Structure formats: structure tokens, C-alpha cells
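Have a look at the structure below, then the notes.
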Amino acid sequence: MINDINYNSLSEAVQNAKDGDKIEIYNDISDNKNIVIDKSITIVGKPNSSNIKPIFYGSLTIDTNKEDSNVSIENIQIVNPGQNSDNTINNTLCAIHLIDGGLNVKNCKIMPSDKNYDSKACGIVLSRKANSINNMPIVIAGNSFGCYKYSDDHNAALLIKNNKVDEYKNLNLNTQLIADKNSFDFSDACNQIVQIDFSQDTLKYPFILSSHADFILNCLKNNGQSSDFNKYILVNAETVNTTTAEPVYILPTTSLTVSGTKETDFSGITFKVAGNVLIEVQIKNATFERTNDTASIIFNENIDKSNVTVQ
């Protein structure tokens, strides 16, 4: 609905909207396709009497090229099918894909379709063109994300594409704030927040919140750990299935937090720590070696360290 005018689909409402319009959604919508938004509009869901937010089955791509253009998406559930196609309209891999412009996503629930749970779907993908003139903020807060499973294509509930040569412009996002102000489902091996720096020869992951232990350890060992702050949070992992006996280095600008409700078996891995390690859940079969005087290895008070070696 726009200004008391009803439309049969969200795509029809977006097509008829003008800059500054608000589209109100009262019922579930099954567009099942990608809708491209190239104007400054607000899409807001109106929860029913049981406070259930309306569901939009499909995906949204935001590509606005004005200096002050901004799109707000609030109070809806988005279920993206995760279908891949050469046709933009049929490409629903991302629930929300920001190509250019300002974006506010607040109080939404974003999840993959059950039928495509193992697909290459992502929740939110953030990027911005290198020649962008947009200066509006990007705010992702108060949302809950379903479980987007890890894959070799770096899929995630929230994926930040940053600094690709000749293609993307810095987004200047505070990834810690994004993690603090949103909630993530860890019901399976997930790769939930990744910030990727394409400007280097190797991928860098300044922030990862994941329940896929081997993925985090592989990033710590192989991504080069930049001189900027790197934070890795391992949530609800159970067993590390690695075959390598090589130590895992935690460099001075890096921190590793092990959190959640499940005990993690690190299978005999040695961590050589120059940065910071915080253990908030029970672990076993791990060795932590301080490599300098500023290394910090902290265990919560209730953690039994009898199956852990700290040197």
C-alpha cells in the first residue's frame, strides 16, 4: 500500500513508488523474484495482532545513484529462495543486495528458504561502486538472521564486499556494531559475518562470527592477518576436524573468542598467542603458548582448564 492505494505485489508497489514514498506491507507477499530498487523509498511491515511480521518471499537489490538516495527496510521477514540466474530479476541469491546508495535495515528477520538451505544464498550483501557519489549511512541493526551455511564461495548471513579494485568503494562500516546490534542463528555450521578485502592478493577477514571451526582456523593460518584489528568469534562449535599438526598463530592485532553453549574439542591444536584469546565456554585438547609479554589468554571463572595447557 502507498498512500491508501493497494497493489497486488511488492514489485508493482516499488514500480509505482516515487522518491520519498512509504510502502506499507500488511500481508505475506510471494513475489519469489528479485526486485530492483533505484529510488529513495521506505518499505515497512505492519505486524498483525499477534505481533507477527509479514513475510516477503523474494529478494531486494538496491542500486541508487543520487548523492542523498536512501532505502529503508523495516519490520518484515524476508525469505530468499537462493535461486541463481543470469537474469537479474530471477537472481534471488541475496535477500538484500546493496550495490549503491544508502541503506537502513532494521528489525527484520532474514532467512534462507528451507528448500534451498544448502544453496549458495546470502542474507545481506553490502557493496558500493568505486564511482559512487552517495554519502548516506548504512545501518544494519535490530535484525535476526537465519542460518546461512558455510560454503567455499564465502556465503554468509552478512557479507561485506570491500575495496575490490576498480569496482567497489569503501563502506566504512563498523563490523563490531553490526555484530552487537543483530542476532544470528547458529543451529548448524554457519559463516555469519565476513568482511572481505579484495584489494590484497589474498582474502582478508577482519571480522568473523561463525560456528564453523575449521573455517576460522583456516583463515587464521592462511589469510595473512592484516595489521588492522582482526576479530574471530567461534560460537557453538563441537569438534575441530583438522588433520594438520601446525600451530595456529594469534598475531598482536588479532583476538579469538570461543563462545556459546557447546564444549569444543580442539583435537590437540597449539595456539601461539601474541594477541588476545578469550574462552567463554568449556574447551579441551588445546595448548596456548604466549609468545610475547603482551599476549592475553583469559578464561571465564567457571571454565575447567584441566584438559587445556597454558604456557
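Bear in mind that the values in this text are calculations on the coordinates, not laboratory data. A quick note: this is a predicted structure, and the numbers were derived from the prediction, not measured. Here the Cβ is made from the backbone with ideal geometry for all residues, glycine too, and neighbour counts use every protein chain on show.
Treating each Cα of the stretch 21-133 as an identical point scatterer and summing with the Debye formula, the log10 of I(q)/I(0) at q = 0.10, 0.11, 0.12, 0.24 Å⁻¹ comes to -0.28, -0.33, -0.40, -1.38.
With respect to the cross-link table entries Lys22/Lys161; Lys120/Lys305; Lys109/Lys284; Lys39/Lys221, which display a Cα-Cα separation exceeding 32 Å? Those over the limit are Lys120/Lys305; Lys109/Lys284; Lys39/Lys221. Model label points for Asp304 and Gln15, set 7 angstrom from Cα along the Cα-to-Cβ axis, are 6.4 nm apart. Restricting the count to DSSP beta bridges whose residues both fall in the chain, what percent are antiparallel, rounded to a multiple of 5? The antiparallel proportion sits near 5 percent.
Helix 213-222 and the long axis of the chain differ in direction by around 80°, with both axes built from C-alpha atoms. Here the stretch 1-109 carries DSSP beta bridges of which approximately 5% are antiparallel, counting only pairs with both residues inside.
Determine one quarter of the surface area of the Cα convex hull of the chain, which equals its mean projected area, and express it in nm² to one decimal. It would help to have the intermediate numbers written out before the result.
Details: hull surface 70.0 nm².
About 17.5 nm², averaged over all directions.
Most fluctuating residue of Phe145, Phe229, Phe207 in a GNM of the chain with Cα springs under 10 Å: which is it? Comparing Phe145, Phe229, Phe207 in the GNM, the peak value goes to Phe229. With N the number of residues in the stretch 241-311, Rg(Cα) / (2.2 N^0.38 Å) evaluates to 1.03.
Residues considered: Asn90, Asn143, Asn131. Largest GNM mean-square fluctuation over the chain, using C-alpha springs under 10 Å, is found at Asn131.
Between Ile297, Ile62, Ile35, the GNM of the chain built on Cα springs shorter than 10 angstrom shows Ile297 fluctuating the most.
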